[in-house]
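The values are calculated or read from the model by the stated rules, or taken from the named source; none is laboratory data. Only a predicted model underlies this, so the values are computations on that prediction, with no experimental measurement involved. When we count neighbours, we look across all protein chains shown, and the Cβ atoms used for this are built from the backbone with ideal geometry, even at glycine.
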Amino acid sequence: MKAGGFSVTLIESPDIKIIGVGEGTWPTMRSSLEKMGVSETELFKQCDASFKQGGKFTGWTTGGEGDAYYHPLMLPQGFSQVNLVPHWMRGGRDQTFCDFVTPQGRLCDDGLAPKTITQAEYRGSANYAYHLDAGKFAPFLAVHCAEKLGVRHVLADVVQVNQCASGDIESVLTPQAGEISGDLFIDCSGFHALLIGKTLGVGFKDCSDILFCDTALAVQVPFDTPDAPMASQTLSTAQEAGWIWDIALPTRRGVGHVYSSRHTTEEAARESLLRYIGAQHRDLPVRKIPIRSGHRQTFWKNNCIAVGLAGGFLEPLESSAIVLVELSAKLLAEQMPANREVMDIVAKRFNDVTLYRWGRIIDFLKLHYVLTKRADTAFWRDNVDPATVPERLKELLTLWKYQSPWFFDEFDRLEEVFPAASYQYVLYGMGFETEVIPEETVDTEPLATRLRQENDRQTQQLRAQLPKNRELLNKIHQYGLQPI
Ligand SMILES: Cc1cc2nc3c(=O)[nH]c(=O)nc-3n(C[C@H](O)[C@H](O)[C@H](O)COP(=O)(O)OP(=O)(O)OC[C@H]3O[C@@H](n4cnc5c(N)ncnc54)[C@H](O)[C@@H]3O)c2cc1C
């Protein structure tokens, strides 16, 4: 490493395309982009981006009429002061849990944006992330990093990886730019896992015994009219052997069927997808993407770190992939080893935290399946088989019968990918029951009542103030947001 700093070189094949799917992000993206000095207005304009305020899960609990719940991005009112679950359980069941604790579900129902045109870039009345065109986002970031942050962007194919006796990577060989050496290598080669897998031989921990989906069929669907309303939530609709994502960008929808090939055929999965998008879209090209659920056994070996798909992949039910890239980059930036001597110490920390995060995400994704009451197909029946449920999740589910998840469940780690609030939204959205003893809520009742009133007031106010999602996006394209 260079004294007084370091330099970053991004080597990218001119021919091997990026995966180009991955349209849902997490609110961390706002702080990541702001920190990198990216203009939010340009993001909207250049990446076909729109607002995401959470996920709406339809058909996951019973598959019957009206079966839907939200996992919004706003925390429950007063989350740091009081756990509202027992209060909802005892006196709020005339509303959904989501509506009892936050306005965001109703903002989504109304098709509203999370902010107004007068609020500056990255600021908002409601918490938000983005839906975006992944194929535009990667080159957008590459240009920004090269022009504004001093990253050297080399278009070249890595055809050989050179290691020294210790196993550390010394350099990579490319026909276009010759040999490129470095102190630390980040493997961002996607499913190829060129450095971490092929060169360093780090194994892959398969988790398809927990999460069964192994194939995606993706399609881009035009709107019927250019001013058609746009949802600001990712729609996730359960199917017989998987689920369909539906993401609205300003110019089109990205729709995909993620399914388990052990439980259905490609033909049947394709039919479900075509039925979902409608007969008028039958001739649109559908792209098949195999998925391998799991992750590397270790993420940092020698002087190489796996980030992105090279590190692993889990079905995109909660948009957890890009947020892991952000968290890995943040951790690396904060912990950047000063020299080779301390690298293994930092690597150990990185591996420990990253392995923990993957484990927690697997638990959280499985939670969506294990709470189902559906028994109509083998896919749903197999998903509740205790043999497919991670031990930690089983334990938590036992605990949560008597106490609802809250701060203590955020365990010992800072920056949980999914906080206890996320568990609350899924559990109580899917009808999980937690026993409440009357004494439990006595002390906090006045505060809970105030928060409920505040939630009603805020909901009314935001519904009156916020523009429709598409209306705001049109304004951003026309006038831009005020930079901060
Ligand atoms: C069906 C599906 C849906 C998804 N949905 C979401 C979602 O909603 N939200 C989310 O957060 N994530 C989602 N993801 C994951 C997300 O797409 C990825 O995590 C993200 O795009 C990062 O990919 P990547 O950069 O690791 O890999 P890739 O996009 O595959 O990029 C790999 C790069 O490596 C380069 N490369 C490869 N080999 C070489 C070589 N020999 N020499 C030089 N360069 C090389 C390529 O040129 C390319 O630039 C989804 C993924 C799939 C499959």
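Numerical summary
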quantity: Verdict on residue 137 being within 25 Å of residue 444 (Cα to Cα) and of a type in the set (Phe, Trp, Tyr); calculated: no
quantity: Residue within the range 267-277 that is part of a helix (DSSP H, G or I), more than 10 Å from the ligand (Cβ to nearest atom) and touching a Lys or Arg at 6+ places or on another chain (Cβ under 6 Å) present; calculated: yes
quantity: Those residues of the range 276-307 which are exposed (fewer than 13 other Cβ atoms within 10 Å of the Cβ) and without any contact (Cβ under 8 Å) to a residue 60 or more places away in the chain, in sequence order; calculated: 278, 279, 280, 282, 283
quantity: When residues of the range 308-356 are limited to those that are hydroxyl-bearing (Ser, Thr, Tyr) and touching a residue at least 60 places away in the same chain (Cβ under 8 Å), the one farthest from the ligand (Cβ to nearest atom); calculated: 320
quantity: Where a residue in the range 139-166 is among the acidic types (Asp, Glu) and its partner, wherever it lies, is part of a loop (DSSP other than H, G, I, E, B), with Cβ under 8 Å and at least six apart; calculated: 157/13; 157/14; 157/15; 157/16; 157/175; 157/176
quantity: Considering residues of the range 222-257 that are of a type in the set (A, V, I, L, M, F, W, C) and over 17 Å from residue 48 (Cα atoms) only, the residue surrounded by the most Cβ atoms within 10 Å (Cβ to Cβ); calculated: 243
quantity: From the options 434, 441, residue that is modelled with pLDDT under 95 and of a type in the set (Val, Ile, Thr); calculated: 441
quantity: Helices (runs of 4 or more DSSP H) (entirely within the range 366-469) containing at least 3 residues that are exposed (fewer than 13 other Cβ atoms within 10 Å of the Cβ) and either without any contact (Cβ under 8 Å) to a residue 40 or more places away in the chain or touching a Lys or Arg at 6+ places or on another chain (Cβ under 9 Å) (or both); calculated: 391-399, 445-465
quantity: Output for the range 193-214, where each listed residue is buried (at least 18 other Cβ atoms within 10 Å of the Cβ), outside any helix (DSSP H, G or I) and not hydrophobic (A, V, I, L, M, F, W, C); calculated: 214
quantity: Count of residues meeting criterion [of a type in the set (A, V, I, L, M, F, W, C) and over 14 Å from residue 248 (Cβ atoms)] in the range 466-484; calculated: 4
quantity: Some residue of the range 222-240 being of a type in the set (Ser, Thr, Tyr), within 20 Å of the chain's Cα centre (by Cα), more than 23 Å from residue 291 (Cβ to Cβ) and assigned to a loop (DSSP other than H, G, I, E, B); calculated: yes
quantity: Candidate set from the range 147-168 (those that are away from the ligand (no atom under 13 Å from the Cβ), loosely packed, with under 15 Cβ neighbours inside 10 Å and within 18 Å of residue 12 (Cα to Cα)); member that is nearest to the chain's Cα centre (by Cα); calculated: 149
quantity: Members of the range 82-98 that are in a loop (DSSP other than H, G, I, E, B) and of a type in the set (A, V, I, L, M); calculated: 82, 84
quantity: Residue identified as modelled with pLDDT of 95 or more and within 18 Å of the chain's Cα centre (by Cα) among 214, 206; calculated: 214
quantity: Pairs where the first residue, in the range 15-26, is under 8 Å from residue 319 (Cα atoms) and the second is more than 6 Å from the ligand (Cβ to nearest atom) and modelled with pLDDT under 90, C-beta under 9 Å, 6+ apart; calculated: 26/417
quantity: When residues of the range 16-56 are limited to those that are touching an Asp or Glu at 6+ places or on another chain (Cβ under 6 Å) and among the hydroxyl-bearing types (Ser, Thr, Tyr), the one nearest to the ligand (Cβ to nearest atom); calculated: 28
quantity: Search result, residues across the range 68-94 that are among the polar types (S, T, N, Q), surrounded by fewer than 18 Cβ atoms within 10 Å (Cβ to Cβ) and closer than 15 Å to residue 424 by Cα; calculated: 80
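Quick grid of which residues meet (1) within 15 Å of the ligand (Cβ to nearest atom); (2) of a type in the set (A, V, I, L, M, F, W, C):
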position: 170; (1), (2): no, no
position: 177; (1), (2): yes, yes
position: 192; (1), (2): yes, no
position: 211; (1), (2): yes, yes
position: 217; (1), (2): yes, yes
position: 230; (1), (2): no, yes
position: 248; (1), (2): yes, yes
position: 257; (1), (2): yes, no
